[in-house]
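Bear in mind that the values in this text are calculations on the coordinates, not laboratory data. All of these numbers come straight from a predicted model, not from anything done at the bench. Backbone-built Cβ (ideal geometry, glycine too); neighbour counts: all protein chains shown.
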């Protein structure tokens, strides 16, 4: 039997006293109370957001659909690689395996290796922790990047079960000057499809995270693909001029939004 | 180096070092597996516990797991060890020590007196022989009380940090999350913001803003901007209204170097914050966060299991007479604590080990979206911790931290927990809630109504 109108259920205030704050924050403020607990709508909103985040972590990228959207005329065919983590469960437990190539991938990279000095940039499109982010943003971002660097020799690699540092052996195998890893970021409840870019000059196994530059939060309510490409091209141009990436380059880039680590930054995907 | 072995079930298990015994005796967790330190089988794990149970507690004084010469945390542990306090348990094995801790002889007073005589390695060792209920039973006997403008850790109290984080540190957004939390009676441990950047002037702006909120409503609590200790030192030099100095700490010198700190920097910060004399009911001024796995992720664990290294961080904390310490237990991710079973176990271990060492331990009951955990698991862990007497937990609006992208407890969760277990906020803060008219006759905090004076005052 549904509660009659005079039975108290959840206390959700008729005029939202938090209305004036809502444009200032996405935080879940002023949710009301059912006793001490969340009212049902707020409970289910939260569960849906968590489900979207979980599905983003465990989802798989439709790599064929993605490849069909990529500007391959300028880059040659996609080179597909796989990390040494065979599946998602292993990937989540063993970040070390996600940072190195499986047994079959080096041969595919070597077969596609351009003559020495002929690869300015490899774009590594990596699933990371959000398949949804890669599916949504990798292709438009790649278009925006390539449109800004005519004349550059670029290769595109797609990487499965990949961490950021997988770009190091990939870039090294192709003899690339720069590796930009486009990777799905760890999903939050408010955004499950956020993409990040990690740029490394002279990529090779053993590079440290402090030797990379990062652009994060590329999604519908964050950094747009066009602005991200703008910032990346600035970084890449400076990286080539100064022959480095990382902390030293960041300090010279006052117009870029800070990528400085907050005190409790999670490890990159 | 001496090896350790045990004959059991027709099989001989040998461990090549004390660190190996400790690592193999740990409950299974992904971080130790990632480090290649975990027991390969369940039988080997229990065999390691059998070895450990028969070792004398003293062995950890004689055989440091991380060398004295190369690690200042080991030097701190050895140099400040109180042999007189240790004397009552000095002849016990680790297994006998577990039995004694659970015995009626181990009263709150006895445990308080023992704390300076214990080292992190002893405490980590005994925790590995304990079930979850043992960890809760002993922790519940330990009271560690600290004070600044509120008194935290009293029997019958459960305090809370109000964490009004915002992805761009927007002042209005932070104010909204803060007011929402105050209406739930959250914030008696601290109102503490993780800033979006470590920029000094932005942190100073946040400090000013939090201090204005506190003084405007005359709230007996303390605020904190969780920026690097060197920023807090500069902010104090420039006259910012800083109550507590925050720092993330770890259990080895090398891991602390990775955080950009040393013991001497922490000493300097302690002196500076104390000299401001901003506390009204106490002089504890430091706030530390820790978490299993931080040393491994900095490649600074010296082959020691993640739980033991974590307890060493509490020895660092204890040296600076902190007001608050919490483990951010589920934040680090599934490569260190894979699922809710591992997160729950680690939360209870961290709380027990901190309390036994005399550290005012709280817990951020939390998880990330790539861990096998959800809000139901947090309900379990918060309830276990509250019965174990945790000093404080952390609340964010609707359990969703929109800046750090992880889930902690909601304001609702903490309020409900208090009501179910008849736990109160810190007495100074409880008095404020009463003065504001937010409490009913039984001391509960019912849903506010818009015509309530307190509601009008806070939201006006």
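Counting only other chain Cβ atoms within 10 Å of each residue's Cβ, the peptide A:185-198 averages 3. Residues within the reach of a label modelled at residue B:280 (point 7 angstrom out along Cα to beta-carbon, backbone nitrogen below 19 Å), restricted to segment B:383-406: there are none. Rounded to the nearest 10 degrees, the inclination of helix B:132-141 to the longest alpha-carbon principal axis of chain B is 60 degrees. Ordering of B:136-144, A:174-182 by packing is A:174-182, B:136-144, highest average first (other Cβ atoms within 10 Å, averaged per residue). Across peptide A:16-23, the average count of Cβ atoms from other chains found within 10 Å of a residue's Cβ is 4. Along each principal axis, taking the top coordinate minus the bottom one, the Cα set of segment B:146-436 gives 50, 43, 35 Å in descending order. The angle between the Cα long axis of helix B:411-421 and the longest principal axis of the Cα atoms of chain B comes to about 70 degrees, rounded to the nearest 10.
Using only the Cα atoms of segment B:61-161, build the gyration tensor, take square roots of its eigenvalues as a ≥ b ≥ c, and label the shape rounded, prolate or oblate: rounded if a/c is under 1.5, else prolate if a/b is larger than b/c, else oblate.
Details: a/c = 1.86, a/b = 1.28, b/c = 1.45.
In terms of gyration-tensor shape, oblate.
Taking label positions 7 Å along the Cα-Cβ direction at both residue B:341 and residue B:441, the computed distance is 4.9 nm, reported to one decimal. Its DSSP H runs of at least 4 residues, each contributing -39,500 (n - 2.57), put the calculated 222 nm mean residue ellipticity of chain A at -10000 deg cm²/dmol, to the nearest 500. Peptide B:33-46 shows a mean partner chain C-beta count of 1 within 10 Å per residue C-beta.
With contacts defined as alpha carbon pairs under 8 Å and 6 or more residues apart, what's the relative contact order of chain B in percent? Relative contact order, chain B: 19 percent. Within the listed set A:40, A:142, A:237, the residue fluctuating most in the Gaussian network model of chain A (springs between alpha-carbon atoms under 10 angstrom) is A:40. Between the helical axis of B:340-356 and the longest alpha-carbon principal axis of chain B there is an angle of about 90 degrees. Note that segment B:254-316 carries a Kirkwood radius of 13.2 Å, evaluated over its alpha carbons pair by pair. Available extension along the chain between residue B:321 and residue B:79 is 85.5 nm, counting 0.36 nm per residue and deducting the alpha carbon span. Each peptide among A:57-67, B:109-119, B:340-350 gets the average number of other Cβ atoms lying within 10 Å of its residues, and from highest to lowest they stand as B:340-350, B:109-119, A:57-67. Taking a point 7 Å from the Cα of residue B:110 along the Cα-to-Cβ direction, the residues of segment B:130-144 with backbone N closer than 20 Å to it are B:130-131, B:133-144.
With an a/c value of 1.5 or above and a/b not larger than b/c for the gyration tensor axes a ≥ b ≥ c computed over the alpha-carbon atoms, the protein assembly as shown is described as oblate.
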